[in-house]
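In what follows, a single structure is set out as structure tokens and then discussed.
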Amino acid sequence: MATEVKVPTLGESVTEATVGELLKNVGDAVAVDEPIVSLETDKVAVEAPSPVAGVIKEFKVGVGDTVEVDAVIAVIEEGAAPAKSAGGDAPKAAAPDAGVEKAAPAQAKEATGSDASQTLSPAVRRAVLEHGVDPSTIKGTGKDGRLTKEDVIAAAETKKSGGGASAPAASSAPASTGGERREERVKMTRMRQTIAKRLKGAQDNAALLTTFNDVDMSAVIEARNKYKDLFAKKHDIRLGFMGFFAKAACLALKDVPAVNAYIEGDEIVYHDYVDISVAVSAPNGLVVPVIRDAQDKGFARIEQDIADFGKRAKDGTLTMEDMKGGTFTISNGGVFGSLMSTPIINPPQSAVLGLHRIEDRPVVVNGEIVIRPMMYIALSYDHRLIDGREAVTALKIIKEAIEDPTRMLIDL
């Protein structure tokens, strides 16, 4: 019996997605709930599982197609056993229908290298980044000759063993020669398109301005070095700097509520809670999962949330609910070595705090020049709602809380 696989519910207000990767081939056996297609929404990647055990008879979509919720994306022959010939031509042996016959020429075309450029799915891009291989030198074994995660891993293993990853792909990608200039045209992922629209929209619709300050990190570094082992032993999580800045931001947003508000029409919406969006780098773009009710959480819970977000961003398992809402954003460019930046707000929010790298610099303390670990911090804000005095005050509160962490304990 044939069973249709449909696009699952993607999240509140999300009605369509882009097919990022076909995780199986026609003729492959699948188990119940085994993912067969990876779908990209505006914010996260979602996998569509098989509702039954059987063999993939047909794919109704291809990589790059836009699909709506409940659209049919594949057909599973329930209970069928995969039939593979001695030559390994599984698709023809398992399901010799029109859909498979159409796929065969496309696979042959790809194998002959008629199109050297290729669109990489989120899973494949992540594997390429992790293993440091050149995708143009790998021969794909997926549908229509596309690269799969397994192809990248196999190429990485070959490279480690000294065999080189480029040998099997000689026919699909010409070897680079001296003086050769190459270009690659890759379609933007749905997430990257959304990021581009939102950031440009922030510049078009908000009156953006950035104020700067610098922070002496001595006290926080001393506290962290003193208690990090006990903290890790008790809470089973590493004590980082983000927890300090999150709690400092809560103090600032409490004293300057406009920084934690946003404009809606001709009204200002204020919040009596702080949901901090933390910018996290994922393989296919920047995502901003939310630490809910940060004002009520301790350092351990905040650090646990951040660590969990980072892991799931790398694995591609963040959900729409993880990134829903948020009243204020913290972005740490310092982990990549940034000295200073002007971050862009995350609409509809009105402010974002930018953190940067820590470096020893000469500063004047009590009339003497001393070397201190300093960090530049930046607060970008929507000047339509937040006045310069409020922005500078909020950033100053964060600076004072970091330079004297005791303030965070006694709510000053």
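The values are calculated or read from the model by the stated rules, or taken from the named source; none is laboratory data. Just so it is clear, the structure is predicted and the values come from calculations on it, not from any experiment. FYI the Cβ positions are ideal-geometry reconstructions off the backbone, even for glycines, and counts take in every protein chain you see. Areas reflect the complete protein model, heavy atoms only, side chains present, ligands, DNA and RNA absent. Shrake-Rupley method; radii C 1.70, N 1.55, O 1.52, S 1.80 Å.
Bridging of K228 to aspartates and glutamates at a Cα separation below 20 Å is possible for D216, D236, E303, D305, D308, E403, D404, once same-chain residues fewer than 8 apart are set aside. Summarising the amide proton neighbourhood of T148: residues at separation of 5 or more, or on other chains, whose placed amide H is nearer than 5 Å comprise T141, G142. Separation of region 292-357 from region 255-291 is 10 Å, based on Cα centroids. From the Cα gyration tensor of region 212-253, with a ≥ b ≥ c the square roots of its eigenvalues, which class applies: rounded if a/c is under 1.5, or else prolate if a/b is larger than b/c, or else oblate? Oblate shape, in that a/c is at least 1.5 and b/c is the bigger or equal ratio. So for region 313-412: antiparallel DSSP bridges make up what percent, rounded to the nearest 5? Among the beta bridges of region 313-412, antiparallel pairing accounts for roughly 75 percent.
If R0 is 56 Å, the Cβ-Cβ spacing of R389 and L230 corresponds to a FRET efficiency of close to 0.85.
Extending 7 Å from the Cα toward the beta-carbon at both V72 and R181 defines two label points whose distance is 5.0 nm. Classification of region 269-309 by its C-alpha gyration tensor yields an oblate form. The axis ratio a/c (a ≥ b ≥ c) is 1.5 or more, and b/c is at least a/b. The H on the amide N of V46, modeled in the peptide plane, is under 5 Å from the matching H of L39, E40, T41, each at least 5 residues off or on a different chain.
For region 241-258, 3J(HN,Hα) computed residue by residue from phi via the Karplus equation (6.51, -1.76, 1.60; θ = phi - 60°) reads 8, 4, x, 5, 5, 5, 5, 5, 5, 4, 4, 5, 6, 5, 7, 10, x, 4 Hz, glycine and proline entered as x. With θ taken as phi - 60° and the Karplus curve 6.51 cos²θ - 1.76 cosθ + 1.60 applied, the whole-hertz 3J(HN,Hα) list for region 330-339 is 10, 10, 10, x, x, 5, 9, x, 5, 8 Hz, x standing for glycine and proline.
At most 16 other Cβ atoms within 10 Å and a DSSP loop assignment: could you name the trypsin sites (Lys or Arg not before Pro) in region 315-412 that fit? For trypsin sites (Lys or Arg not before Pro) across region 315-412 that sit outside H, G, I, E and B with at most 16 neighbouring Cβ atoms in 10 Å, the list reads K324, R357, R384. Going by a ≥ b ≥ c, the root eigenvalues of the Cα gyration tensor, does region 331-402 fall in the rounded group (a/c under 1.5), the prolate group (a/b larger than b/c) or the oblate group? The shape class here is oblate. In the context of the full set of protein chains, residues of region 288-385 present 46 Å² of accessible surface per residue (probe radius 1.4 Å, heavy atoms only).
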